[in-house]
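What follows draws every value from the coordinates through simple rules; no lab data is involved. Bear in mind that the values here come from a model prediction, so they are computed numbers and not experimental data. Don't worry about glycine lacking a Cβ; one is built from the backbone with ideal geometry, like all the others, and counts go over all protein chains shown.
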Amino acid sequence: MSPSSHPSGRAQRQRKGFQRRRGGTLFLLMLPGVAYFLLFHYGALVGNVIAFKEYVPFDGLWGSPWTGPGNFRRMFEDEAFWDAVLNTLWIAVLQLVFYFPVPLGLALLLHTLTWSSVRRFVQSVAYLPHFISWVIVVALFQQVLGDTGLLNSGLSGAGLHTVDIIGDPDAFKPLVVAQVIWKDAGWGTIIFLAALAQVDEQQYEAAAIDGAGPWRRFWHVTLPAIRPVIVLLLIMRLGEILSVGFEQMLLQRDAVGPETAEVIDTFVYYQGIVGGDYGFAAAAGLFKGVVGALLVYAANKVAHRLGEQGVYR
């Protein structure tokens, strides 16, 4: 009997044929996503050339006059731009300090629940706000904390002094952080729960036998196991540190004024889309992208020095 006609040989050929067909199917399924990124992410990078031009839509991308670094010079001399940068950094730091630990803490609490039905219910309730648009979220907060909201209705009914938290510039930055926590903390727990599910339960049992309490088990078993995930998410968060939520800020900008709520994304929108100064707005957007890329590079280098894999080698 020849090797080609042997039953094991036929089975091997069939298996290889199935793997090729499966690989081709997966490649076809991947093509729309690859095309999306090539067209709308990498292809759109060509449009950054207008940051060095006085872009006029009727003259086109290449017909508009070249200004060189003129838009960047105007940008660095514009006090409104630096106010937007300062507001962005303040909000980003507050989100990094107060929002980033919340999904981890919520994931740890959910991981300790032994009743699976209760855990699934809590997860569903915590995930739900992520699927609500920012328009509805901001409207809900206005209905509760606004000048005529539920909070002030209760205070006025009790004869107490009312407060307009939504319209208070001093309370705006803590308010937007609270909104992000309420909306996205549950969704952020998904990755941490997946990482916690990979921790070997025998390590917890061995640590408990050795006399380790809950805190020491967390410090010596849980934290080392999920530290690579924490570092990875922190690096990715630093890359988006200048993106603090365009829709969220745009919807609440008029309530407290641009001096308090103007961030880089809304600055680009009002300068470019509303004001028609496309080259100047593109320069501000390009500045934001370059700073984000440098932060990712620096944070990745620090992660490598600390012995972590980071985003890339």
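Listing for the model above:
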{"quantity": "Qualifying aspartates and glutamates (Cα of each under 18 Å from Cα of K183; at least 8 residues distant if same chain)", "calculated": "E240, E247"}
{"quantity": "Note, ³J(HN,Hα) from phi for region 33-46, Karplus 6.51, -1.76, 1.60, rounded to Hz, x at Gly and Pro", "calculated": "x, 5, 4, 4, 5, 5, 7, 9, 10, 6, x, 5, 4, 4"}
{"quantity": "Computed label-point distance, nm, for sites R22 and L45 using a 7 Å Cα→Cβ extension", "calculated": "3.4"}
{"quantity": "Cβ-based exposure ranking for I209, I50, in which fewest neighbours within 10 Å come first", "calculated": "I209, I50"}
{"quantity": "The chain: relative contact order as a whole-number percent, Cα under 8 Å and 6+ apart", "calculated": "25"}
{"quantity": "Full-stretch length increase - W187, S133 - with 0.36 nm per residue and alpha-carbon distance subtracted", "calculated": "18.1 nm"}
{"quantity": "Dipole of the chain, positive end: most advanced residue of V199, H130, M249 [Cβ charges, Cα centre]", "calculated": "V199"}
{"quantity": "Radius of gyration and maximum dimension Dmax of the chain, Cα, Å", "calculated": "26.0, 98"}
{"quantity": "Relative contact order (%) - criterion: Cα under 8 Å, at least six apart; region: region 122-191", "calculated": "41"}
{"quantity": "Long-range amide H partners of K53 with built H, under 5 Å", "calculated": "T67"}
{"quantity": "DSSP loop chymotrypsin sites (Phe, Trp or Tyr not before Pro) with at most 13 other Cβ within 10 Å: longest gap in the chain", "calculated": "116-311"}
{"quantity": "Neighbour-count order for T266, T260, fewest beta carbons within 10 angstrom listed first", "calculated": "T260, T266"}
{"quantity": "Gained length - L223 relative to E240, 0.36 nm times residue gap less alpha-carbon distance", "calculated": "3.7 nm"}
{"quantity": "Proxy reagent accessibility, fewest Cβ within 10 Å first, across D78, D200, D265", "calculated": "D200, D78, D265"}
{"quantity": "Extension gain (nm, one decimal) between W82 and L96, 0.36 nm per residue minus Cα-Cα", "calculated": "3.0 nm"}
